[in-house]
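None of the figures in this text is laboratory data; all of them are computed from the coordinates on show. These numbers were taken from a predicted model, which means no experiment stands behind them. Here Cβ is always computed from backbone atoms with ideal geometry, including for glycine, and neighbour counts include all displayed protein chains.
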Amino acid sequence: FTIGHKLYSSHLLRLYVPVVLFMVMNELFASIYYSHHMFLIPMMNKIITPVVTIIYILLFSTTLNVTSLVLATLTGAFLQFTILVYGIRRNSNFSYKFELEFYNEGVKKILKLMVPLIFGMLIYKIIPVFDKIILSSLPSGSISYLNYASKLQTAMIQIISTSFTIPVFPI
């Protein structure tokens, strides 16, 4: 990497940090819908980011390059957030008060349940690092093949797990 690449990467990261925050909030608000057996709005919201991404690529790919993808994701996440919050504010069944109570027994129980998941995710995320170290000694293109296979695997896992977990979760 040259200094220019590092600056561009840090610029993209600064644009992408709000995306992560919006996505976390979107999942939180979607879970409120799910707890009330309302699945259509959160599921339709999953379409927004891909549609916005396609529009941004068609309109801005020649002028913004990769930045157009980050801006598309940011715009899609913000639109999802806006729609979810608007629906929560308009629906009288959603009467929640957000408070942070770290000493609450329910919070302690959730944190205990999260520990194995966090360790599992750490292991899941570190395995590709070792794969790339091993694959870097193999012929050219090996890392690309692994990346494409990994993306296909991730897509299949998300499709299958989402199609089962969202309808089964309230039950």
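State to the nearest 20 debye the size of the charge dipole of the chain about its Cα centre, where the only charges are +1 on K and R beta carbons and -1 on D and E beta carbons.
100
Which value at 222 nm does the chain reach when only helices count, each DSSP H run of 4 or more adding -39,500 (n - 2.57), with the total divided by all residues and rounded to the nearest 500 deg cm²/dmol?
Helix contribution divided over all residues of the chain: -29500 deg cm²/dmol.
Given that just one value was derived from the coordinates, which of [x] 13.8; [y] 10.3; [z] 13.0 is mean projected area of the Cα convex hull in nm²?
[x]
Evaluate segment 62-114: find the radius of gyration of its Cα atoms, find its Kirkwood radius, and give the ratio Rg to Rh. Walk me through the numbers before you get to the answer.
On the way: Rg = 18.0 Å, Rh = 14.7 Å.
Reported Rg/Rh, Kirkwood definition of Rh: 1.23.
Among the chymotrypsin sites (Phe, Trp or Tyr not before Pro) within segment 6-54, which fall in a DSSP loop and have no more than 16 other Cβ atoms within 10 Å of their own Cβ?
Listed in order of number, the matching sites are Phe39.
Using the Cα atoms as the points, what is the convex hull volume per residue of segment 1-61 in Å³?
89
Can you give me the pair-distance distribution of segment 86-145, C-alpha pairs, 5 Å bins, whole percents?
Once binned at 5 Å, the Cα pair distances of segment 86-145 give 4, 14, 10, 10, 10, 12, 10, 8, 8, 8, 6, 2, 0.
So, in Å, what gap is there between the alpha-carbon centers of segment 10-30 and segment 109-160?
So the separation of the two Cα centres works out to 21 Å.
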